[in-house]
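Everything below concerns the one structure shown next.
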Ligand SMILES: [Zn+2]
């Protein structure tokens, strides 16, 4: 039975239980460590791990290049993608240390490190006024729209732009929209209004007609690193090879531990090269000992970070499986039937076949069990548990 208080679900307007794509933030220790937590909580994230800043939708990027930014956008797509796009555009406009600037001096990328970028990430930017449905009924209120209309006319601080974001624009009724139409039609110069919606058909026409509509598909997927992609593919292959019994799992485990061993060696070599230990043979024994201890600490930390990221990628795929199951109400359709809506929130759209095959074999509780297994594995590995034994136990416990 689905429970509306269950972190894994929410109820839509008709009262039907729907899977909550933000489920992973509800796993306590993944929160703040995974970039799911970071992306899903722009208001309270701790800005970690995401070493791959989210790109902008192509259309917006092109308009920045041509210096023809629209004054108002309606970003549509999954919750993850529209939030990413709104956050990225906001950072790009405010960034004080942009890695790439157009010929006409417009920021095309953001550094994700300067004060402006970090303020946006934490929801504390004085230049981005971000509103989302509040009130008991989860509606955008008239007062919120009045505040935004006033705020957008104030001068920016340390950025050339003011940005207003209205999340879930479909939650704005006619009265709230009316207080905002004039601002939306003629916002001040150097300001951008961003409306987002996962249900664009439910957004009032008066709003839609005043915005440039931009579909933001697959931005979440583009954050997955090449390495995470590669290992997820291998895990999917192992999961598909049920007929081989446990052999496929052990083959995967062998590959994984070998790669991790090689990774450790590379990190060791890199750290050794960068250390004074590799040059100076005349070091005092006590000093040498201290340097060695320090270096070993760095090696261990680097290694753990890299291992954690690899396993995180596997978690993203198992989350895809769970989402696919929930979307289809536990009876999985053929991969060819994947709706664009579902495909836009998957981290690995290219693994749709395996995702659907696995979703057809297990039920929702088992899919969540898989997520919890990898979660526990990360916790165990962050203590001093034996790595290979921990990984082996996890792989044997996964339900394929
Ligand atoms: Zn920046």
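The values are calculated or read from the model by the stated rules, or taken from the named source; none is laboratory data. For clarity, every value in this text was computed on a predicted model and none was experimentally measured. A quick note on method: Cβ atoms are made from the backbone with ideal geometry, for glycine too, and the neighbour counts reach across all protein chains shown.
Considering each of 155, 149, 134, 209 in turn, give the residue that is more than 16 Å from the ligand (Cβ to nearest atom), surrounded by fewer than 21 Cβ atoms within 10 Å (Cβ to Cβ) and under 20 Å from residue 96 (Cα atoms).
Details: 149 fails: under 20 Å from residue 96 (Cα atoms); 134 fails: under 20 Å from residue 96 (Cα atoms); 209 fails: under 20 Å from residue 96 (Cα atoms).
Of 155, 149, 134, 209, the one residue that is more than 16 Å from the ligand (Cβ to nearest atom), surrounded by fewer than 21 Cβ atoms within 10 Å (Cβ to Cβ) and under 20 Å from residue 96 (Cα atoms) is 155.
Which of the residues belonging to the range 385-400 are in a loop (DSSP other than H, G, I, E, B) and within 28 Å of the chain's Cα centre (by Cα)? Give the derivation first.
First pass over the range 385-400, keeping only residues in a loop (DSSP other than H, G, I, E, B): 385-386, 398-400.
Once the filter is applied, which keeps residues that are in a loop (DSSP other than H, G, I, E, B) and within 28 Å of the chain's Cα centre (by Cα), the range 385-400 yields 398, 399, 400.
Looking at (1) outside any loop (DSSP other than H, G, I, E, B); (2) within 16 Å of the ligand (Cβ to nearest atom); (3) farther than 16 Å from residue 190 by Cβ, which is the only condition residue 163 fails?
Residue 163 satisfies all of (1) outside any loop (DSSP other than H, G, I, E, B); (2) within 16 Å of the ligand (Cβ to nearest atom); (3) farther than 16 Å from residue 190 by Cβ except (3).
Among the residues of the range 267-283, are any in a loop (DSSP other than H, G, I, E, B), on the phi > 0 side of the Ramachandran plot and exposed (fewer than 11 other Cβ atoms within 10 Å of the Cβ)?
Scanning the range 267-283, I find no residue that is in a loop (DSSP other than H, G, I, E, B), on the phi > 0 side of the Ramachandran plot and exposed (fewer than 11 other Cβ atoms within 10 Å of the Cβ), so the answer is no.
Do you know which residues across the range 55-94 are within 20 Å of the chain's Cα centre (by Cα) and in a loop (DSSP other than H, G, I, E, B)?
Scanning the range 55-94 gives 55, 56, 57, 77, 78.
Give the range 108-123 a look and list any residue that's touching a residue at least 60 places away in the same chain (Cβ under 8 Å), crowded, with 18+ Cβ neighbours inside 10 Å, near the ligand (Cβ under 9 Å from one of its atoms) and not in a loop (DSSP other than H, G, I, E, B), or say none.
Within the range 108-123, 120 is the sole residue that qualifies.
Could you figure out which of (1) surrounded by 19 or more Cβ atoms within 10 Å (Cβ to Cβ); (2) within 11 Å of the ligand (Cβ to nearest atom); (3) closer than 21 Å to residue 63 by Cβ isn't true of residue 128?
With (1) surrounded by 19 or more Cβ atoms within 10 Å (Cβ to Cβ); (2) within 11 Å of the ligand (Cβ to nearest atom); (3) closer than 21 Å to residue 63 by Cβ applied to residue 128, the lone miss is (2).
Answer yes or no as to whether residue 311 is in contact with a helix residue (DSSP H, G or I) (Cβ under 9 Å, 6 or more places away or on another chain) and either outside the structural domain of residue 381 (by TED's automatic domain parsing) or touching a residue at least 40 places away in the same chain (Cβ under 8 Å) (or both).
Values: in contact with a helix residue (DSSP H, G or I) (Cβ under 9 Å, 6 or more places away or on another chain): yes; either outside the structural domain of residue 381 (by TED's automatic domain parsing) or touching a residue at least 40 places away in the same chain (Cβ under 8 Å) (or both): yes.
Spelling it out, residue 311 is indeed in contact with a helix residue (DSSP H, G or I) (Cβ under 9 Å, 6 or more places away or on another chain) and either outside the structural domain of residue 381 (by TED's automatic domain parsing) or touching a residue at least 40 places away in the same chain (Cβ under 8 Å) (or both).
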